[in-house]
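Data block below; observations after.
The values are calculated or read from the model by the stated rules, or taken from the named source; none is laboratory data. What you see is a predicted model, and the numbers here were worked out from it, not measured in a lab. For neighbour counting, all protein chains shown are included, and Cβ atoms are generated from backbone atoms with ideal geometry for every residue, glycine included. In case anyone asks, the SASA skips ligands and DNA or RNA and just uses the protein heavy atoms, side chains included. Shrake-Rupley method; radii C 1.70, N 1.55, O 1.52, S 1.80 Å.
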Amino acid sequence: MHELVKDYYGNRLRSSKDLRTSACCDADAVPAWLRPLLARIHPEVLERYYGCGLVCPELLEGCRVLDLGCGAGRDVYALAQLVGPSGEVVGVDMTDEQLAVAQRHRAHHAEVFGFDNVRFLQGYIERLDELGLEAGSFDVVVSNCVVNLSPDKEAVLAGVRRLLKPGGEFHFSDVHADRRVPEAVRGDPVLYGECLGGALYWKDFLRVAQRCGFADPRLLADRPLAITDPDLERRAGGIAFHSATWRLFRLDGLEDACEDHGQAVVYRGSIAQHPHRLVFDKHHRMEAGRMFPVCGNTWRMLAQTRFAPHFDFHGDFSRHYGIFAGCGAVMPFDAPAADAKVGSCC
Ligand SMILES: C[S@@+](CC[C@H](N)C(=O)[O-])C[C@H]1O[C@@H](n2cnc3c(N)ncnc32)[C@H](O)[C@@H]1O
């Protein structure tokens, strides 16, 4: 699979226009605050963007960020501006041609930004321990449309957890299927290269995440993917695919369900791009200044991470009131909470 994928992204595709699905985010979906940052990125890097979601989380200034499967580096160069001169962004990819584009424009971006805070490593995302990166040394790990291409998703998630600091976040977009992808579809080289054949059934993804210590994955955004090529659509055998953006936190003490300890938070409105409302995930749209009841897991995701200074916290873990009322998972394909069992539900 590695050689097939290297050939696909190294030789077959020249730009995102060559893709045969709607995987690439359309430009209209990019938030207004991000557009000026993208406008400073070299056109050749932008042209070779093959991501399926947005991986620019809040509060990155000064952070150390790792981008898995960085490709030609669009997200690396966007994130470089968000972490600023005191932060660092490391991009990892296995394909020479993709990395060559990313490297070629490093000096250009250093000049435009006024600082050089990126580096690129060649390697495999399921073998992150071979890259000489220190365990527990990244605040945030991102990835955009790559995990599905890996032959060993569990090794990827385990490696990410090892590299994250306590309280760190794996913030990534990937493709999921509404069912387990049969071998005939998985083995189709174009479907695999287009990020469909290797996609995990969404519930199997939750199981893998939980096995790797990410007890409560939070869905931030998702959208159905259209297969624009009729022949490819036929070969995909009626499976529905979604692109989904997730937040997974490296936190001890997260539970496999949302438990009610009578806690609440108030968002201070202090994150520059979100003065009125912070959308933490699809189920948590928190208005500034307004009391927002939360389960114990959400409490930890806010109180024990880089989000803490932007919230006031009410309550603690001294009492338990049972399962969090109104529990309703927001999952890709609108799967119901009761069926989700593992994962986010408040
Ligand atoms: C769909 S592209 C996305 C690239 C980039 N994230 C972007 O948004 O433009 C997939 C990228 O992941 C890389 N890749 C796929 N599988 C990989 C693996 N197992 N290890 C390292 N890189 C991988 C490919 O070389 C390719 O550059």
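The figures follow:
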| item | result |
| --- | --- |
| Criterion (touching a Gly at 6+ places or on another chain (Cβ under 9 Å) and under 29 Å from ASN11 (Cα atoms)) met by exactly one of PHE120, PHE115 | PHE120 |
| Wholly within the range 74-193, strands (runs of 3 or more DSSP E) carrying at least 2 residues that are within 16 Å of the ligand (Cβ to nearest atom), touching a helix residue (DSSP H, G or I) at 6+ places or on another chain (Cβ under 8 Å) and over 22 Å from GLU47 (Cα atoms) | 164-177 |
| Index of the failed condition, PRO57 passing every other in (1) open to solvent by 10 Å² or more (accessible area, probe 1.4 Å); (2) assigned to a loop (DSSP other than H, G, I, E, B); (3) more than 12 Å from the ligand (Cβ to nearest atom) | (1) |
| Hits in the range 198-239 - residues which are of a type outside the set (Ser, Thr, Tyr) and free of Cβ contacts under 8 Å to residues at least 40 places away in the same chain | ASP204, ARG223, PRO224, PRO230, ASP231, GLU233, ARG234, GLY238 |
| The lone exception for ARG35 - which of (1) over 24 Å from ALA272 (Cα atoms); (2) more than 9 Å from the ligand (Cβ to nearest atom) it fails | (1) |
| Unique match (being surrounded by fewer than 20 Cβ atoms within 10 Å (Cβ to Cβ) and in contact with a Leu (Cβ under 8 Å, 6 or more places away or on another chain)) among LEU163, LEU133, LEU128 | LEU133 |
